[in-house]
Structure formats: structure tokens, C-alpha cells
Amino acid sequence: MPDHDGDQIYRFFHRARDQAPAEREAWLRRQGLSEAVVVEVLQLLAGAARESVLRPVETGALPPRVGGGLGVPPIPEKIGPYRVISKLGEGGLGVVYLAERREPMVQRVALKVVKPGSDSAAALARFDQERQALAIMAHPNIATILDGGQTEGGSPYFVMEYVQGAPITRYCDEKRLTIRERLELFMSVCDAVQHAHHKGVIHRDLKPSNILVTEVDRRPVAKVIDFGIAKAMGPGLGSQTMYTEAGLFVGTPEYMSPEQAGVGAFDVDTRADVYSLGVVLYELLVGVLPFDSQSLRAEGIAGLQKIIRESDAPRPSTRLRMAPADRVTLIAECRREAPDHLRSELGRELEWIPLMAIRKDRNERYASARELAEDIGNYLEGRPLIAGPESAAYRARKFLRRHKAGVIASSIVLLSILLGIGATVRSLLIRAADLDRTRQALRASAELIDALSDETADDAKFENSLNKAAALIESGENWPDLDSAADIAMGCAHAYNNRGRHPDALRLAKRGLELRQRLYGDDHVVTLDARQNVALYMFLAGRMNESLEVLRKLLADDIRVLGEDEDRTLNCRQTLIGCLIGLNRIEEADKEVQALLAAGQRRGPAARDYLVDAQLLRCEILVRQHKLAEAIALADRTIAEEELANGPNSRAALGARRVRGVMALEARDYAQAVAILIPTLEAMNEAFSARDPYVILCTAVSIDSLAQNGQLEEAVKLAERQLRRLRQQLGVQSPAIQELAKRLRELLGDKPPTPEQARLLSGIS
Amino acid sequence: MSQTPAPLTVLFDQARDGRPASREALVDALYDRLRAMAGSFLQDERSGHTLQPTALVNEAWIHLARSDNLDESGKTLFLAAAATTFRRLLIDYARQRNAQKRGGGALRISFEDAEHALPFPDASVEALNAALEGLEAKYPRQHQVVELKYFAGLPVRAIAEVLGVSERTVANDLDFSRAWLKARMAEAS
């Protein structure tokens, strides 16, 4: 076949596809082609037609095209009773014309002709149903739907109030509206959407180009257009917006809620609009979309759905930090702000509002557009917000903090064991925003997750994965998302610490701190958290005086930024007290304990844990001041109060009983120590895992008490049992295991170990 | 001329200047590297005998860009060459496997989603290869689109960038090529 034929075949394959299937052959034969070409094209078309998976909407009947060419269809003169003036635009769904009606009065309208799909009749029927609802919408910020009908060619069309305005994002930037002005304008949009929802109409396609801003008396007025159209067009046509013949996404996925992003997912309610509003708000505030349009489309439909449905949107302040500096300057200028100021304004609280609106799970979003507007009002008037930090991350940090608190309340020798308990799983959930760069990082972190979840794994393997991740983090910009990088650095620090490698832990924690300082600034709570970690590892690495200095400064900053009674401040004070006791600076420690007690009392039941911890620290100080009787009295009182408040097996009550046991040991009342500690340990064993810091600490003193009480055999048995359990969860380098093994060896003395004991002790130096 | 193979950077520079011979050399140079990487993918128990070109090509790029100091501008060239290389590799791999095992000539190329799937999951590699060669002879651009789509796993937008044509054209080419290949394969079977 000559080349010329190939060219014709290619061209006429595509042109013939624009014909109705039944007419293709006849049409082809009219084109004056050779028989061979006609046969070939028909054969190809037959193959293409069967291939329906990739083409959910087979375009059966496109409107007749004048001239039969590939050119743009001409503008019709008239559609229904409307005279067409000009074309306003064209989207994936259809063409919008500016049109005019002369009867009964002259009125300019926007007329949207929908590209015909397989069920335009059904679309019209649905539109008729919707019309009633659309007609009763009367809101100054909603462009009314006036009419609907069918063109001569059979395509449905909708007639709307004509709004001469700019998309809200463009308007705000062009007029350089401040954040406050933007928020106020946006609230009126929420009002409009709420009104429609109240009338039972969901928009389903909210985006800046559907929220136009005009000026009335030189004040901006927003108008939402296209209300109810997506619904009227129904699922058959609605899904067409997303896919063209080639499987390309041509809609506006940026603003689409996760529940809308699935193919055939039509369980959509008003909260889908809340989501879209959230994205618009995000863009209004930050100047960029939560997910970069290019990366959103780069991975094809499946990738796009994955991002919309699974990736968490970065915080606006983070997103801004990731944008190039000149871009940020421009964005800030459009808001009449200095870049730094914009960042901090977003970072303080405001950013939680769009984030809450675009939660993946609609149950976690604002319940309505009104609630969203109300929260914006809260922000503008300085009231507390409904929105807050993401719960998962928040919980994870709280978890970490609680455990750290536990450490300090315990005896310093075993301090190091606790760290790392908070694991790092959350920190390893990386947003797959940029696949290219993320891939490598993911691979390293996947290995790291494996290594972390199996801490008994042999050292070489663990070390290898850990070092790889650590090296990536430390080498600078290789992690795609600095926020995760910071978390992972912290996670690696914990892991190193678990292996007793404090200098490495300290190095990584410092790296994490550095990243967080860059991302969040000095005064953000996560940065303060990171400083506390650095101080802890410093302490554990033996640099105690240095650590003390860091903690003192941190405490001052905590008080300045958050106040005297905040969790973080209390936590820091606890760490400081631990450090002071470790340095044997008992008087200073006592002063801090008094402050902690006072704060605990001011906070009341909500911070009971802190109060208990403070009282136990006070006991420790009393013991060191040789006021044993007073210490015992305070411990007894603490136990009684806690049991009354939370029952005998609350974490704090068990912890307090352990301290009481330590005191009996201190008072050389070994029988009493055993009587207190053994049941406490059993209760802990039931409630917590073997690696729980409380269990580890209680095991150590229980063994000591048994041994002191002359119950050597029981002591050995207990040591064996706990060591067996612990070895299932931690590696041999873990300080907890080493400590326990040391005790077991001491108990055995010169006695040769049994095979079981030898197995338990194997590999431990 | 030196007998040692030119470093990738040199090959890239030459290919960038539009010297067709260098493109061939580039494909050859990439072959061993991609084979080494694909080998580790193939040995991966979890994926069985399936290949994920997108992943592989991305990984290869990251690797090369780092080890050979290539900048982003080389990526387009790389992708085009990698697609060709990768196709060769797949065919060779399938042949080799067929030689080892009796019968069962089907190699499954796994793509993450339907959009990336070649419409002939169970076709024999030989038949597919023959059809692709036919396409290349008659419709070189369309063939390149297919390679980039299915052997480098590129999205339409990226293909359009690589070839310097519109996305619409890429979509048209894909539609056409799929129909064309399907017709050829139907003839062959």
C-alpha cells in the first residue's frame, strides 16, 4: 500500500468516526477513496468500536457539521426563541453562548448547549424535574436558571441569567483583595450554596469559573452560576465530563470531591459542594491549589483518582513554603501582604479551615456550607475555630508526648528505653504528590517501615534500612515533602535510640528540628516538640549540662508561646525535672516540681495525668532528700486519689503503685515491695505489651525486690519470662533487653545457665 | 574513534543534536542498564512475571540522572530511547522465557490501570512484536506514541511533550494504533 494510502487511512479513520456508525460506510464511499482504503478504514473502525472499555461514551450522534471538516462548528443564529449573539466559551460539557430574548422583554442570557450524549432525552426529563427546584432558588449570589429546551439538532440547552464577571480567584488577584476581604466575599458564596442546599439543590461542579464576581456600586458581588446543571444532566452525561474518547480527563478534577472522583460514584450529597468550596477557599488564600494540576494529571485517570481519594492535602503554609520564592512574593503581593506575614497568618489557625473543608472523609468535613461560613466568621472575629489540626497526626503526637512524660516520671536509669515507643508509622505515610521523586523515598521508607515494625530483626538489616533513610534525609532535598522528611528524621532518631545509639539519634533529631524550623518557624508546637526531643537525646548521649541549657530555654519559649499550663509546657517542665534529678540538682528540681504541681492543680481533671506525674516526681525528690516517710505518705495519697478517680487499673494508678513499690524497696521493706510490685506487674502485663515502658520499669524493680527478699528462684523465673516476651518485640541492642539480661546474669552468678537461659541470653553482650 | 562505549552524557548530547546514529547508540547503552533493573523487578516475587514500565522507567531515570549527572532536559530523550529499549527488552525476555519453558508464550505486561493496558493481554509476544514492526514501518509517529504509552508508561500529556505534538494528536494516534494493531493481530491469529 503506498504511503499516500496510509495517510488517507489515518485521516479518514478519524473523520469517519465522527459520523453516525450506521452511516459510516456510505459516507466513506462518497469520499472518492480507493476500495482498498475504504475496506481498511472500515476494518479499523470495527476494531475500534469493540474496544469500549476505554471509551465509556461512544459518540453516536455528534451534531451535523457543516462542510464535514474537522473545523469548529459554526455559531448557530438562533436556539429556541433566543437569538445568539456570540460564543462565550467552550468546555468539556458544551458550548456557552451569549444570547438575547426579545419577547416578552429584552433580556440577555447565557445559553449553554450540552454536547449530546447517549441519553439527551433522559437529561431533558431530569432537567424538567429539576426545574421546579431551580426556579425556587432566589438568592442575590445565585445566577438564576431561566429556561431549558432542546435544539433542533436534539441537544439539550439551559438558559441562565447572564453574569458579566471574572472567576473569583482571578478577580481577587486582579483587585488585590486582602485575606480579610477575600474571606468576606467567600462567605457570601457559602451563603448562596447553603441557600441552594436548603432548597435541595446540589451544585456538584463548584469551581472558580462557576463563581463569578461582578461589581455593584464598586463593591464585589459573587454570583454562583450553573447551579443544578450537573445534576440535571445526570449520571449519563455527568460522567462524560470526565472522560473523552481517549480516556483523557477533561473536567475539573482539581475541585472534585473524592466521592465524585470515582467512576460511577453517584452517592453525592451537599458535602461534595463543601469540599469544592474548600478547594476554592484554599486557592483564594494560598494562590495555589492543594494538588498541583500537572501532577494531578500526569498519572492518568487512575493516578488522578488515587490522589484525589488518598493523598492528604498539604497545609497551606507548607504548600506556600514549597512554592518558588518569586511565586510566593507575587501571591503575597496580590493579597497586599509580605510573604512572611502571609505565611504566618495562614500558619496560625486560618489554614485549618480549608483543610477541614477538604477532608477525604466527608463525615470529617464541615457539615454544611453554613458551618464553613460560620467558622470563617469565627476566624475573622477572633473566636475559637471549629476546625483544628488533623486528628490522626494530632493523636500521634499526643501519643508520643504521653510516653515521653512517662519516661521522665520514671527512674532515670531506664529513661532511654521509653523513647521510640511512639513508633513512626504516621511519619512514614508519605503523600504521593510527586511520583518521580517520591519513588525512591518511598522505597527507602518502605524498608524502614519493615525494619521498624520488626525490631527483633538482625542488626545489619535494620541498620542498613535505617542508614539509607537517614542518609536520604540528611543529604538535603531528596525527600519530596519536607514535612514527612522531618517526621521521618524524628522517627529514625527514635529508632536509633531504641538501639541504644544515642549520638546517631541526636544527629537525626537535630536534622528533624532543622527541617521543622524551616517549615513551621521557631514557635510552632511541632518545632518546640522537636527541640525537646533533641534535648532528650542529648541527655541520653551523656551531654547532660548542655541538655539542661536547651531545656531551660525551651521552657521559657513554651511559656512565652503557649502559656504556663499548656500540655507542651508541662511536658517540657517534666523533662527538665528529669534532667535536673539526673544531674542531682535536687533543689532546682524541687522548685520546678512545685510549679508543675501548681499547674496540674489549675488544670484540674483534664490534666490529671500530669498531676499524678508531678506528685510522683515530688516523691522521688523527697526520697533523695531522705524524707522517706513523707514520700511514702504522698505516694499513698496519690494512689488513693487516682484509684478513686479512674479505678485501680488506670495507667496512672499502676504507675503510682510501682513508685510506691520502689519506696518500699528504698525503705528496705522487701516483703512489702514484693507484695506491691508483683500484683502491679501482673496487672500491667495484662494491660500493656512487654515493651511498654511501665512494664519494663516495673519488671526491673520487681526482680530486684524478689532477689532482695531472698526469693532468688522466683526472681530468675520472672527475669526469664519477661526477657522471653521482650525478645519477641525488640532487638538485642535495645537498652531494655540489655538491662534485663544484665539482671538475669547477675542473678545466675557463677551458675551455668540452662539451655533455655543460654538461648535467652544469646547474642546479648 | 574510541572503542569504549561513550558515556551516557555524550550520547545524550549527540542525540540532542539530532544524530540518529547516537539514538541507536543510546538505546544500546540503555539496554544493559535497563535489563539489569528489569531483572531485579522480574525476580521480585511479589510481582510475579509482570513488569511495570512506568515504575521501571522512572526508576531508571532517577538512577541515571544521578549516576551520570544528567539534567532534566535530557529526560525527554531518555524517555523516547527508554521506550524503545524497553520494548526490545520485553521481547527478548519473552523469547528467552519461551525458550526455557515449553509452550505458554504469553507474557503479561502489567500496567497499573486499564488506561495503560495494551488491549492484547494474552497475545503472544511474537505476534505483538510483528504487528508493532508493521506499524512502525507504515506509521512511524503513531508507533512511537504506542511505544511511549505502553513501554514507557507515559501519560498522554507527556507523550505530547516528548513528540512536540498536541494531546489531541496523541489521543488520535493512540485510537488509530490500537485499532490498527487489533486488526493486524486478528489477521495473524
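The values are calculated or read from the model by the stated rules, or taken from the named source; none is laboratory data. This one's a predicted model, so the numbers in the text were calculated from it and none came from an experiment. Don't worry about glycine lacking a Cβ; one is built from the backbone with ideal geometry, like all the others, and counts go over all protein chains shown. Keep in mind that these areas ignore ligands, DNA and RNA; they rest on the heavy atoms of the full protein, side chains included. Shrake-Rupley method; radii C 1.70, N 1.55, O 1.52, S 1.80 Å.
Points worth noting:
- Any chance residue A:283 is closer than 16 Å to residue A:184 by Cα, in contact with a Ser or Thr (Cβ under 6 Å, 6 or more places away or on another chain), modelled with pLDDT of 85 or more and in the same structural domain as residue A:190 (by TED's automatic domain parsing): yes
Table: residues versus (1) modelled with pLDDT of 90 or more; (2) part of a loop (DSSP other than H, G, I, E, B); (3) away from chain B (no Cβ under 14 Å).
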{"position": "A:164", "(1), (2), (3)": "no, yes, yes"}
{"position": "A:173", "(1), (2), (3)": "no, no, yes"}
{"position": "A:187", "(1), (2), (3)": "yes, no, yes"}
{"position": "A:195", "(1), (2), (3)": "no, no, yes"}
{"position": "A:209", "(1), (2), (3)": "no, no, yes"}
{"position": "A:221", "(1), (2), (3)": "yes, no, yes"}
{"position": "A:235", "(1), (2), (3)": "no, no, yes"}
{"position": "A:243", "(1), (2), (3)": "no, yes, no"}
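- With respect to (1) in contact with a Cys (Cβ under 8 Å, 6 or more places away or on another chain); (2) open to solvent by 20 Å² or more (accessible area, probe 1.4 Å), the lone exception for residue A:554 is condition (2).
- Test: residue A:69 is open to solvent by less than 70 Å² (accessible area, probe 1.4 Å), modelled with pLDDT of 60 or more and away from every other protein chain (no Cβ under 14 Å): no
- Within region A:665-704, the only residue that satisfies the criterion of being among the aromatic types (Phe, Trp, Tyr), in a helix (DSSP H, G or I) and under 43 Å from the mean Cα position of the chain (by Cα) is A:694.
- Number of positions in region A:148-184 that are out of contact with any Ser or Thr (no Cβ under 9 Å at 6 or more places or on another chain), more than 14 Å from residue A:335 (Cα to Cα) and open to solvent by 10 Å² or more (accessible area, probe 1.4 Å): 6
- Test: residue A:328 is modelled with pLDDT under 85 and within 14 Å of chain B (Cβ to nearest Cβ): no
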